[in-house]
Every structure is written in C-alpha cells, then in structure tokens.
Amino acid sequence: MAVEKKKKADVPEALNEEFYQINLDILESFSKYRPPLALFRFKEDVARIMPFCKGGDRLTNEQVELLPQLVEEGLMFVSRADHSIYVKHISYQLDLVLVDKNLRETEIADIFAQALTRRLSEFFDQPVAPALAKLWTDIMVLTEYLFHDIHRVRALIRRLHPQHSLPNHSFNCGVMGLALYARLHAQRFEAGDVKRKAFDHLAAGLFLHDLGMSKLPAFIREKTKALTPEERGKMQRHPQIGYEMLTKLDLRFAEVEECVSDHHERLNGSGYPQKKTGANIGENARLCAAVDAYCAMTVKRVYAEAQEPMKVVAQLTQDPGFDSELTRQLQAMVLANAAKPK
Ligand SMILES: [Fe+2]
Ligand SMILES: [Fe+2]
C-alpha cells in the first residue's frame with residue numbers, strides 16, 4: 001500500500017531570518033546518530049521553533065526514525081548562528097551547495113573558498129590521482145553553479161585570500177580568471193553560446209596552473225632573498241614539471257595543458273620556459289598569465305608586501321608582455337569591484 005506523503009507544513013516567513021530549513025539531502029549528509037550541529041523543530045500546534053538536539057549529541061533511536069519524516073514535512077531547521085559549523089560541514093560535501101535552497105550567495109561563496117582551497121592544498125601535498133579526483137569534482141560543482149548564473153562569480157572574487165601560499169594563490173587565480181572570462185564573454189553567456197566543456201577545462205587549468213610548484217622544495221618557493229641562478233633555473237622549470245605531471249595524471253585537456261605550460265610566456269618573448277611570442281600563446285594561457293601576475297602582486301609574500309590592486313592593473317596594462325585587451329578588462333573589473341561594498 002502506498003504511503004501518502006504528508007504535505008509541507010506552513011512555516012512563518014520570519015523564521016528564515018534566523019534559521020534555515022534542511023532537506024533530505026542535507027540530513028543524509030549528517031552522521032545519522034550525531035548531527036554536527038544543533039537541530040530545531042518547528043512545532044505547528046504552538047507555532048514555535050524548539051530545540052530538537054544539540055550539536056554532537058547522540059540521538060535516540062526514536063529521534064533517528066522521526067527525523068526524515070519531520071524533514072520531509074519541512075519542520076526541521078538549523079540556526080544561522082551555526083553558520084561556520086554548517087559551512088565547514090558542507091565544504092566536505094560540496095555538491096550539497098547545489099541542492100540547498102536556503103543558503104545565501106555570500107554563504108555559498110564562503111563554502112567554495114573553504115572547500116576548494118582545502119582540496120588544492122591536499123592535492124599539492126600529495127599530487128596523486130585520488131586527490132586530483134576530489135579536487136576535480138569540486139571544481140565541477142563550482143562550474144555547474146556558475147554556469148547557471150555567471151554573475152555569481154562576483155561574490156567569489158570578494159573572497160580572495162590576502163596571504164600567499166600555493167593553494168591560496170591557486171584559488172585566487174581560479175576565481176579571478178573565471179570572473180575575467182565571464183566579463184570577456186558576457187554576451188556569449190547571455191546568448192547561451194559558451195561551451196560548457198571549454199568553461200570546465202579552463203576552470204581546471206586556472207586552479208591547476210602552478211601544480212608544478214608542488215614539486216619544488218618549500219625553501220625555494222618561500223625564499224625571502226634573491227634566488228641563486230641555479231634556484232631560479234629550478235623555479236622556472238615549474239611549467240614544464242606541471243605539464244609532465246598532467247601527463248602522468250592522465251589529464252589531457254588542451255585548456256589545462258595551455259594554462260599549465262604557458263602561463264609564464266609573454267607576448268613580447270620575455271617569458272619562460274619556451275620564450276614563445278604573440279600568436280603562439282593561446283587565449284587560455286594569456287588569460288591565465290594576466291590573472292596570475294595580478295594575483296601574485298596583490299597579496300603579501302614572504303619577500304614583498306601586497307601592492308595596491310589599482311596600481312598593479314595599471315602597470316599590467318602598460319606591460320607589452322600581456323594581452324592589452326585582457327589587461328584593460330581586468331582593470332575595469334578590479335575598478336568595478338573596488339567601488340562595491342564588501
Ligand atoms: Fe607559475
Ligand atoms: Fe601562479
């Protein structure tokens with residue numbers, strides 16, 4: 001006999017200010033007997049929200065049985081005050097971002113920043129296929145989220161990391177690169193003309209562009225004094241090392257390879273490692289080069305203070321090594337972003 005589904009309860013609108021309703025996907029992501037945060041139940045008879053359990057509490061068998069039912073009826077909530085615990089929880093299972101209708105855009109941006117930076121860090125610590133698979137999955141959640149409404153990238157570029165580290169820098173470049181791409185192709189996005197695969201692969205290329213750096217000893221990466229010629233030689237091999245790593249990891253998408261191997265090439269031939277020029281440097285690599293330089297100069301490093309974003313973009317527009325159309329658009333984007341409240 002079919003069980004009749006209960007209809008959703010009427011819950012006062014005002015509740016959403018302090019709480020948000022959870023759905024079955026979210027519930028299933030919690031440990032069955034020990035939810036990671038306090039749950040609240042809306043009691044229809046008294047029209048009030050009451051505590052159901054504390055975070056980390058062990059639930060009774062009765063509660064465990066009752067919970068899915070209450071969730072289906074729309075009666076279960078978590079407090080927005082537990083935002084930080086919830087963000088952390090969701091960041092481990094990022095696809096929940098796509099099904100949770102209650103999260104605000106700024107909350108989602110926090111979750112992506114946390115999740116992707118952690119995945120990048122895990123992958124750079126151990127650049128092997130399983131870590132790449134996890135990172136890849138999360139990058140694809142991001143592209144799914146952005147492809148649906150590309151303007152969402154704006155909340156993400158307000159969450160750039162201010163301090164340098166390889167994962168922080170990679171996150172910053174990924175987000176800035178996608179934002180710049182969105183700006184360059186705004187009309188094509190509107191017309192539904194952007195190819196999803198190309199967008200996915202560019203995103204992966206941007207986040208992974210410096211993967212070769214993970215093989216360099218930290219003392220070279222973080223050195224506060226000028227590098228010796230030998231150290232500089234090693235450092236400048238990172239695009240090539242990265243390319244070799246992609247081959248070993250069997251990641252063979254043209255956009256990713258281009259970002260990884262050519263992001264230090266410059267249009268006037270002043271770059272490395274191949275000293276390519278002009279038309280020999282593809283669009284993806286040009287974009288990656290511009291945001292890479294911007295991201296490197298605007299954060300605090302062990303050997304240099306962070307530089308003013310507007311000064312950096314102005315400098316880049318004058319640099320013949322970069323694509324002037326790209327640097328002009330980057331300048332306009334940074335200017336527009338600076339004018340908005342955080
Ligand atoms: Fe690099
Ligand atoms: Fe870089």
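Among the candidates A289, A304, single out the residue that is within 16 Å of ligand 2 (Cβ to nearest atom), touching a Gly at 6+ places or on another chain (Cβ under 8 Å) and either closer than 19 Å to H238 by Cβ or open to solvent by less than 50 Å² (accessible area, probe 1.4 Å) (or both). I'd like the intermediate steps shown before the answer.
Numbers: A304 fails: touching a Gly at 6+ places or on another chain (Cβ under 8 Å).
Criteria check complete, one pass: A289.
Filter the range 292-301 for residues that are touching a residue at least 40 places away in the same chain (Cβ under 8 Å) and surrounded by 22 or more Cβ atoms within 10 Å (Cβ to Cβ) and give the result.
D292, Y294, C295
When you scan the range 193-214, do you find a residue that is at pLDDT below 95 and either over 28 Å from L156 (Cα atoms) or of a type in the set (G, A, S) (or both), even just one?
no
For the range 18-42, enumerate the residues that are without any contact (Cβ under 8 Å) to a residue 12 or more places away in the chain and not polar (S, T, N, Q).
Within the range 18-42, E28 is the sole residue that qualifies.
Return the residue satisfying two criteria in turn: it lies in the range 208-231 and is surrounded by fewer than 16 Cβ atoms within 10 Å (Cβ to Cβ) and of a type in the set (G, A, S), and of such residues it is farthest from ligand 2 (Cβ to nearest atom).
A226
Regarding the range 217-230, can at least one residue be identified that is in contact with a helix residue (DSSP H, G or I) (Cβ under 9 Å, 6 or more places away or on another chain) and of a type in the set (D, E)?
No, the range 217-230 contains no residue that is in contact with a helix residue (DSSP H, G or I) (Cβ under 9 Å, 6 or more places away or on another chain) and of a type in the set (D, E).
Of the conditions (1) within 16 Å of ligand 2 (Cβ to nearest atom); (2) modelled with pLDDT under 95; (3) of a type in the set (D, E, K, R), E190 fails just one. Which one is it?
(1)
With respect to R158, is the statement that it is surrounded by fewer than 17 Cβ atoms within 10 Å (Cβ to Cβ), part of a helix (DSSP H, G or I) and more than 15 Å from ligand 1 (Cβ to nearest atom) true?
When the stated conditions are applied, R158 passes them.
Which of the residues spanning the range 260-283 are more than 19 Å from I241 (Cα to Cα) and either assigned to a helix (DSSP H, G or I) or within 11 Å of ligand 2 (Cβ to nearest atom) (or both)?
G278, A279, N280, E283
Report the residue count in the range 239-250 for those that are open to solvent by less than 80 Å² (accessible area, probe 1.4 Å) and either over 21 Å from H169 (Cα atoms) or of a type in the set (V, I, T) (or both).
Qualifying residue count for the region: 3.
Tell me, yes or no, whether the range 28-38 has at least one residue that is assigned to a loop (DSSP other than H, G, I, E, B), small (G, A, S) and open to solvent by 40 Å² or more (accessible area, probe 1.4 Å).
Narrowing the range 28-38 to residues assigned to a loop (DSSP other than H, G, I, E, B): 30-38.
Still in the running and small (G, A, S): 31, 38.
From the residues that got through so far, the ones that are open to solvent by 40 Å² or more (accessible area, probe 1.4 Å) too are 31.
Within the range 28-38 (the criterion being assigned to a loop (DSSP other than H, G, I, E, B), small (G, A, S) and open to solvent by 40 Å² or more (accessible area, probe 1.4 Å)), the answer is yes, since at least one residue qualifies.
Report the residue count in the range 263-283 for those that are within 13 Å of ligand 1 (Cβ to nearest atom), farther than 12 Å from G212 by Cβ and either within 24 Å of the chain's Cα centre (by Cα) or open to solvent by less than 20 Å² (accessible area, probe 1.4 Å) (or both).
Summing the residues that are within 13 Å of ligand 1 (Cβ to nearest atom), farther than 12 Å from G212 by Cβ and either within 24 Å of the chain's Cα centre (by Cα) or open to solvent by less than 20 Å² (accessible area, probe 1.4 Å) (or both) in the range 263-283 gives 2.
I'd like the full set of residues that are more than 16 Å from ligand 1 (Cβ to nearest atom), open to solvent by less than 60 Å² (accessible area, probe 1.4 Å) and either in contact with a Cys (Cβ under 8 Å, 6 or more places away or on another chain) or in a helix (DSSP H, G or I) (or both), limited to the range 311-332.
V312, V313, A314, T317, L326, T327, Q329, L330, Q331, A332
Criterion first (within 14 Å of ligand 2 (Cβ to nearest atom) and surrounded by fewer than 21 Cβ atoms within 10 Å (Cβ to Cβ)) does Q236 satisfy it?
Yes, satisfied.
One line per residue, one yes/no per condition, for (1) within 15 Å of ligand 1 (Cβ to nearest atom); (2) outside any helix (DSSP H, G or I):
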| site | (1), (2) |
| --- | --- |
| A204 | no, no |
| S214 | yes, no |
| K225 | no, yes |
| G233 | yes, no |
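Quick one: K197 ticks every box in (1) within 30 Å of Y145 (Cβ to Cβ); (2) not in a helix (DSSP H, G or I) except a single one, so which number is it?
(2)
In the range 251-262, what residues are open to solvent by less than 30 Å² (accessible area, probe 1.4 Å) and within 15 Å of ligand 1 (Cβ to nearest atom)?
Within the range 251-262, V256, C259, V260, S261, D262 qualify.
The values are calculated or read from the model by the stated rules, or taken from the named source; none is laboratory data. Here the structure is a predicted model, which is why all the values come from computation and not from measurement. Because the Cβ atoms are built from the backbone with ideal geometry, glycine has one as well, and the counts that use them run over all protein chains shown. Ligands, DNA and RNA are excluded from the accessible area calculation, which covers all protein heavy atoms including side chains. Shrake-Rupley method; radii C 1.70, N 1.55, O 1.52, S 1.80 Å.
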